[in-house]
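Written out below as structure tokens is the structure these notes cover.
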Amino acid sequence: MDSRGFREAAISSIDEIIKYYDNITSRDVVSSVSPGYLRQLLPSSAPETPESWDDIQRDIEGKIMPGITHWQHPSFHAFFPCATSYPSILGELYSSALSGACFNWICSPAVTELETIVLDWLGQLLGLPECYLSTGSTRGGGVIQGSASEAVLTAMVAARDKYLRNTLPTPPAEEEDLLKGGLGTLGNAEGEEYEELLARKRSRMVALGTTATHSSTKKAAVILGVRFYAIPVGAKDGYRLTGEVLKKALGELKKRGLEPFFLTATLGTTDTCAVDDFAAIADTLEEFTGGEEMNGDIQGDGGGKGEVWVHVDAAYAGSALVCPEFRGGITEVLGRFHSFNMNMHKWLLTNFDASCLFVRDRNWFIQALSVNQAVYGNAASAGGLVTDYREWQIPLGRRFRALKIWFVLRSYGGAGLREYIHKTVKLGEEFAEMLKGRGGLFEILTGPSFALVVFALRGKTPEEGNVRTKELCERVNKSGKMWVTGTTLDGRFAIRFMTGVRTTEKEHVEMAFKMLVEVAEDITQGA
Ligand code: PLP
């Protein structure tokens with residue numbers, strides 16, 4: 001494809017994309033194809049001779065669209081939204097044109113510098129304490145990750161490294177690599193002894209979450225080979241972690257000789273959008289690590305105090321912090337925690353992937369993740385005045401993702417972002433009012449919270465309620481006209497109804513409610 005061909009193909013692709021968005025409601029929300037549908041439609045090997053763009057493009061509608069579930073459809077009420085906007089799509093376009101593996105500053109200074117700047121802008125818009133900004137007093141800053149799962153893994157690696165450094169003696173001379181899992185110098189008795197010490201310590205380390213924490217924290221612990229404990233939370237506390245419950249769990253772990261080194265605190269849990277009690281968590285941990293020695297027998301050069309690193313997973317609901325009224329009890333506590341992550345690609349109008357991870361001291365990432373290889377050395381890095389984001393993340397190469405964030409922040413402005421969040425939150429509140437208006441039929445279990453309402457269909461017994469709610473969920477989803485997600489809360493089957501998609505308007509929520517009522521009445525009358 002030459003420049004002329006690209007121009008024609010690009011114009012026609014953009015036209016198609018606009019048409020897709022403008023007419024999205026003419027499609028069913030959920031794809032109804034059967035597994036393996038695509039293999040039947042495509043040849044079994046790549047073409048030997050080049051094909052025309054017209055032929056390729058035609059297959060988008062004919063072969064790909066049938067297998068697409070439309071996350072931008074206004075009747076998509078499942079999971080959490082996966083944002084798009086035209087400015088963000090343009091950011092992706094430029095980014096792919098400027099493709100590179102921009103892991104060091106010198107690989108494209110603008111890629112690194114724009115990322116640092118737009119994450120400072122975003123941090124300010126979210127009302128984060130200054131310690132999370134690159135210009136702040138604690139050498140903090142933000143980095144774009146591919147996903148919240150990658151962010152929690154990155155934070156956990158740094159937490160593990162920090163904990164080991166603080167609680168173990170300094171490694172023998174020349175054996176610094178031991179702290180990064182290296183084997184040390186063979187035959188060095190002192191080094192071998194240190195390895196044993198390290199292995200014992202690691203076997204006692206526990207990462208904490210709750211039963212409402214997203215599975216990515218457990219996955220990070222699995223990847224890192226540390227233990228994971230999910231502190232039970234339930235309806236009594238609104239599915240949130242309280243100081244009291246945390247204190248009890250810490251005490252029990254300590255009795256078993258285990259060492260909690262990491263906790264994920266959530267702003268907007270996946271099931272119900274609950275918010276853990278941040279202030280009580282901070283107080284409890286300070287009391288626990290400050291008041292008593294919790295690291296067993298080993299005194300390290302950090303004084304033996306093993307702080308519990310608190311990572312805030314605000315993957316979805318963090319976007320709401322652009323509105324000051326959602327910050328109460330949250331942003332003022334964040335300065336007592338260690339890292340914070342939110343996905344702009346969920347609820348802030350930016351295409352996947354744009355997971356924004358902030359840390360209070362960037363050295364924590366660099367100490368843990370800086371692994372040198374001669375080929376990546378350069379004068380700028382050696383000079384120490386530049387950021388090399390490869391040291392803040394798991395992969396080496398990285399895309400120019402800051403561009404789409406820059407385009408979105410400039411195109412919407414803070415006011416535009418707040419307006420969007422307000423609109424979607426209001427739709428959630430309106431949906432909750434509709435449910436309340438049919439209180440004999442439906443019961444709200446949680447919410448409205450951050451544009452999410454969790455509800456169930458009533459039954460004469462809890463079992464009957466579960467059966468009915470499950471049938472309601474299956475029938476409305478099967479219709480293809482909307483998509484909701486089912487979940488289980490304390491043994492109750494429930495439907496999550498989310499109103500965060502950019503294209504959703506009141507008419508779509510009313511339409512969904514009408515269908516929910518019709519099907520619910522059919523189910524209850526048929527009983
Ligand atoms: N954290 C929470 C609270 C989530 O709801 C999700 C996904 O919905 C994640 C983390 C994982 O997000 P990602 O797909 O970016 O890894």
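Any read-out appearing in this document is the output of simple, stated calculations on the displayed coordinates, not a laboratory observation. What you see is a predicted model, and the numbers here were worked out from it, not measured in a lab. Ideal geometry is used to build each Cβ from the backbone, glycine not excepted, and the neighbour counts take in all protein chains shown.
So here's what we get for this one:
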quantity	calculated
No Cys partner within the rule (Cβ under 4.7 Å), the chain	82, 131, 273, 323, 356, 473
Simple spin-label estimate for residue 423 and residue 255 in nanometres, 7 Å along Cα-Cβ	5.4
Cβ-based charge dipole, the stretch 119-190, positive-most Cα from 154, 129, 166	129
Nonlocal amide H pairs with residue 240, under 5 Å, H built at 1.01 Å	234
Point-charge dipole on Cβ atoms (K/R +1, D/E -1) for the chain, about Cα centre, debye to 20	920
Cα lying deepest toward the dipole's positive end in the stretch 1-131, options 86, 108, 97, charges on Cβ	86
Inter-label distance, nm, simple model (7 Å from Cα along the C-beta direction), residue 517/residue 332	4.3
The chain - share of DSSP beta bridges that are antiparallel (%, nearest 5)	60
Computed lengthening from residue 279 to residue 463, 0.36 nm per intervening residue step minus Cα-Cα distance	62.5 nm
FRET efficiency for residue 97 and residue 34, using Cβ-Cβ distance with R0 set to 35 Å, rounded to 0.05	0.40
Per-residue ³J(HN,Hα) for the stretch 264-273, Karplus 6.51 cos²θ - 1.76 cosθ + 1.60, θ = phi - 60°, Hz, x for Gly and Pro	8, 9, 10, 10, x, 5, 5, 6, 10, 6
Extension gain, residue 385 back to residue 524 (0.36 nm per residue minus Cα-Cα distance, nm)	43.3 nm
FRET efficiency estimate (nearest 0.05) - Cβ-Cβ, residue 121 to residue 174, R0 51 angstrom	0.70
Simple spin-label estimate for residue 25 and residue 6 in nanometres, 7 Å along Cα-Cβ	3.8
Contour minus Cα-Cα distance for residue 196 and residue 325 (0.36 nm per residue)	41.4 nm
Euclidean distance of C-alpha centroids, the stretch 489-527 and the stretch 210-226, integer Å	31
Percentage relative contact order, the stretch 170-321, counting C-alpha pairs under 8 Å, at least six apart	21
By average C-beta atoms within 10 angstrom, highest first, the peptides 253-260, 392-399	392-399, 253-260
Mean-position separation - Cα centroids, the stretch 106-169 and the stretch 328-385, in angstrom	2
Order by protection proxy (mean Cβ within 10 Å, highest first), peptides 223-235, 65-77	65-77, 223-235
Rel. contact order, % - alpha carbon contacts under 8 angstrom, at least six apart, the chain	22
